[in-house]
Amino acid sequence: MALSRCSTFRRVGSIKAFVGRIALPVAQYGTTIRMSSSSSSSSSTTAEKGDSWSPKEYLEFTDQRGRPIKDLINFLYDNGVASPKRIVDLGCGPGNSTEALCEAFPTAQISGMDSSKEMLEQARQKNPGVDFVEDDIQMYAPDPETDLLFSNAVFHWLRRHLRIEAIQRLVCGLKKGGVFAMQVPDNYHAASHVAMRDVAYSHPAFAPYFRRFLKSGMESSLFKPELDRIESSWKYYNQLIPYCERVELWHTSYRHVLNGHADIVRWVRSTGLRPFLELLPKTGGVREDFENHYQRQLELKYPRLADGKVMLTYPRMFLVAFRGDKDIPLPQIQKSQERLARYVDMRGFQRMISSARKRLEFGQKGGPDPE
């Protein structure tokens, strides 16, 4: 939907008030919370980037993060997807999922895309024979001859009103017989993520930085740091089955045994905790204090095991859509094109807001939100 700048500013009252209210979060997150993509754990869509992604930090838990990748590939093997010719790794991150795809499908032509330069640099080093591109997953158009679209931990970074539409567009763009396979964390209600929100919104030292998201009408804000809940399985099924021969969904709760609560902090620092930290000043020890208080919350929620370690429960949702021979109705194709055009228009609006923010130097001192 095209936005009228004049009418928007008139409703808010002034450009300064408007920018002061939303420019910072829009510039950092846009309509996606994350700034990178995630086959390894970075995300894959944002208009403007905040701090650069750390592939090294993400790859700290490679074995644990790699389990759902292997499980998804094994499901494909068991369900007749054994020799795809062309594969795209959507939101490839530092290339660990791409590497797994190369091992599983050695004869396939594999490419990867991500929105993070840092992640792509790591992915190219890890997979020298693979073609990688920097792109936004909401605008990315894979080769029409692609047999398999593979996505590891990416789409949870999109806001709910964009998530299924983006998946639907990609599925509808597949050729007949193509397959779309993804997994996403489904941990909005997990103790690790509830603790993030508790510290951000309830602790007096940090609540001022997140006050805007608790104001009337902001609970469903596009710009809040927490990721949106994952939709129900039946909603995904109903939205995709008209264009697919078969849609399979399931949940798996992984149990990761870690050395201590500090490891949970390190795990989420490169994923779900990241948007919270980016709304805090880099200097003055504020981010470090936030992490310390967060860890104390984790110590209350995760008891020590018999050997002194802790167990992190990590639920994930898996989805595999088989296009089969179904035809895509022309109205659906037109609808997908219109959605893409609206998104492109919104990105232009975000760039305008980001520019206004820089002119007004809003938030440059890293202080809490104004009263």
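Bear in mind that the values in this text are calculations on the coordinates, not laboratory data. Computed from a predicted model, the values in this text were never measured in an experiment. Positions of Cβ are backbone-derived with ideal geometry, glycine not excepted, and every protein chain shown enters the neighbour counts.
Values as computed for the structure displayed
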{"read-out": "Of 235/301; 117/282; 235/326, pairs whose Cα-Cα distance is over 24 Å", "value": "235/301"}
{"read-out": "Residues 328, 110 arranged by fewest to most Cβ contacts within 10 Å", "value": "328, 110"}
{"read-out": "Region 115-191, Rg to Rh (Cα coordinates; Rh as Kirkwood inverse mean 1/r)", "value": "0.99"}
